[in-house]
Amino acid sequence: MKICFIGTGYVGLVSGVLFADFGNKVICVDNNKKKIENLKKGIIPIFEPGLDELVIRNYKSKRLFFTSDINKAIKDSDIIFIAVGTPTAKDGVSADLKNVYAVAKIISKNINKYKIIITKSTVPVCTGDEVEKIIKKNNSISKFDVVSNPEFLREGEAIRDFRYPDRVVVGSNNLKKTKLVLEKLYEPITKKGAKFIATTRRSSELIKYAANAFLATKITFINEIANLCEVVGSNVDDIALGIGTDARIGSRFLRAGPAYGGSCFPKDTKALIKIGDKFKTDMTVVKTVIKSNEKRKSILADRIIEILGKPKNKKVGFLGVTFKANTDDMRDTQCLKIFPKLLKKGVKISYYDPTGEKKELKNLKYKKNSDEILINNDLVVIHTEWDEFRSLNFSKVKSKKLMIFDMRNLYQASSFSNKNIIYYSIGRSLNDKKA
Ligand code: UDX
């Protein structure tokens with residue numbers, strides 16, 4: 001089966017490369033010529049552990065191709081994945097679908113034989129109907145099917161998530177014709193245990209938004225419980241364990257931290273509300289989740305100010321600035337909302353990130369490693385849970401007192417025998433806060 005992926009962003013590139021790795025011929029298309037030339041040389045546009053080796057290996061084996069010639073790629077393929085970006089639109093809430101519709105128009109002009117067109121981009125319910133309408137303008141319905149097949153991979157874990165997902169979701173209004181093809185395509189994954197869920201196109205589109213909104217809700221819930229733990233003297237790690245072991249709740253995505261961020265949860269929760277509005281359905285829970293998540297960043301900024309006492313001219317060093325570990329992605333990262341509040345109070349901020357200096361933080365001092373953060377500040381904030389922050393070299397802290405605010409609960413207060421260190425964390429009782 002010849003496959004083509006239109007869009008070599010996170011989802012398109014990772015899925016395309018891995019389908020090639022399963023033995024398919026995959027053409028990855030992008031209108032950014034520079035990106036395509038770089039990919040041919042093995043230069044990867046995103047930070048994703050292990051992806052570069054896979055790209056090089058499959059490109060050399062002639063299973064993976066890169067091109068900007070979208071027309072030829074469509075003509076040469078049996079299955080076409082639309083994996084272009086669906087960012088938040090100018091209204092600040094809806095998903096911007098102009099890329100998806102532009103691709104649908106190009107597809108409509110290049111259908112030379114029966115094709116399955118699959119939206120892998122996260123798209124609001126009913127987008128498939130619109131894509132079908134656009135393609136139908138130039139073609140008969142018997143020549144193509146539009147299928148929804150959302151992707152659930154996480155940044156930083158993308159390769160493992162794609163290879164070993166819990167489920168594969170496929171939505172089609174013509175399952176009789178498309179299901180077998182997709183079952184075959186996903187066989188290397190379902191054989192290892194992933195559930196294959198076949199449903200209608202609209203249900204499949206909604207599954208993706210419901211999943212992201214539910215996970216965002218889980219995180220927001222535990223973060224609110226963490227706030228409560230801090231005042232009543234409980235430990236949020238124990239609460240997460242205590243509720244997460246109940247199979248009805250599940251233990252994952254119950255890590256309290258500095259609010260959720262990233263390219264998906266903030267964008268998709270807002271878009272889900274907009275979908276609800278369109279169909280006159282109030283998404284009260286999701287609205288509250290967004291509000292609570294926004295408030296959390298402000299709560300954490302206030303907490304830093306409280307820890308500092310007199311914040312003016314105090315030095316604060318951040319360890320990690322991306323929205324989570326194993327990514328260089330700064331989209332909707334929590335600290336972007338925390339920094340302005342601190343700067344306003346006269347705090348001097350420096351940061352170190354394993355993925356290097358950030359253009360978004362031009363006005364802040366960048367340090368080359370975590371040691372430089374540990375020795376030069378009044379307060380160190382562990383903002384991101386990179387493995388290298390789990391074993392910081394605290395022996396560097398000798399003379400003056402250092403405060404640590406561990407926003408990811410990587411440490412226990414009891415691990416600090418150095419009396420020069422005062423340790424604060426998230427959702428733990430007052431006794432656990434200070435070493
Ligand atoms: C998410 C979804 O998990 C994935 O299925 C979807 O395809 C894309 O969106 P991603 O944004 O890459 O993936 O990261 P994820 O690991 O889900 O984390 C999102 C945010 O939630 C991060 O800021 C992370 O730090 C935070 N988080 C996650 C928590 O605070 N606690 C948790 O327990 C889990």
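Assorted remarks:
- All other residues whose Cβ lies under 15 angstrom from that of GLU388 are scored, Lys and Arg at +1 and Asp and Glu at -1, for a net of -1.
- Normalised by the number of residues in the chain, the average gap of Cα pairs under 8 Å and 6 or more apart makes the relative contact order 12 percent.
- Heavy atoms of MET330 accessible to a 1.4 Å probe, total area in Å² rounded to 10: 10
- Residues of segment 197-217 with amide N under 15 Å of the 7 Å Cα→Cβ point at ILE243: 214-217
- Carbon plus sulfur fraction of accessible area for the chain, probe 1.4 Å, in percent: 54
- Accessible surface, per residue, of segment 234-435 when the full set of protein chains is kept, probe 1.4 Å, Å²: 49
- DSSP beta bridges confined to segment 2-199 are antiparallel in about 5 percent of cases.
- Length added when fully stretched, MET1-LYS60, from 0.36 nm per residue minus Cα-Cα: 19.3 nm
- Choice from LYS60, LYS280, LYS337 showing the highest fluctuation, given a GNM over the chain with Cα pairs closer than 10 Å: LYS280
- Per-residue 3J(HN,Hα) values for segment 22-35, derived from phi via the Karplus relation 6.51 cos²θ - 1.76 cosθ + 1.60 with θ = phi - 60°, read 7, x, 7, 8, 10, 9, 9, 10, 8, 7, 8, 5, 4, 4 Hz in sequence order (x marks Gly and Pro).
- Normalised by the number of residues in segment 2-199, the mean separation of alpha-carbon contacts (under 8 Å, six or more apart) gives a relative contact order of 19 percent.
- Spin-label pair LYS287/ASN38, simplified geometry with 7 Å Cα→Cβ offset, distance in nm: 4.1
- Sequence of TYR59, TYR10, TYR209 when ordered by accessible area, the most exposed leading, probe 1.4 angstrom: TYR59, TYR10, TYR209
- Largest mean-square fluctuation among SER142, SER121, SER292, in a Gaussian network model of the chain whose springs join Cα atoms under 10 Å apart, belongs to SER142.
- Trypsin sites (Lys or Arg not before Pro) restricted to segment 176-228 and DSSP loop, no more than 15 other C-beta within 10 Å: LYS191, LYS192
- Separation between Cα centres of segment 1-22 and segment 316-370, rounded to whole Å: 32
- ARG154 accessible area, 1.4 Å probe, all protein chains in place, Å² to nearest 10: 60
- Dividing the mean sequence gap of close Cα pairs (under 8 Å, 6+ apart) by how many residues segment 218-326 holds gives a relative contact order of 25 percent.
- Amide N proximity, segment 148-167 versus THR200 label position 7 Å along Cα-to-Cβ, cut-off under 19 Å: 148-150
- Helix 10-21 axis, angle to the chain major axis (alpha carbon atoms, nearest 10°): 60
- Taking the average, over residues, of other Cβ atoms within 10 Å as the packing measure, peptides 374-383, 243-252, 270-279, 72-81 rank 374-383, 72-81, 270-279, 243-252 from highest down.
The values are calculated or read from the model by the stated rules, or taken from the named source; none is laboratory data. As the structure is a prediction and not an experimental result, all values here were calculated from the model. Glycine also receives a Cβ, built like all others from the backbone with ideal geometry; neighbour counts cover every protein chain displayed. Just so you know, the surface numbers come from the protein's heavy atoms only, side chains and all, with ligands and any DNA or RNA stripped out. Shrake-Rupley method; radii C 1.70, N 1.55, O 1.52, S 1.80 Å.
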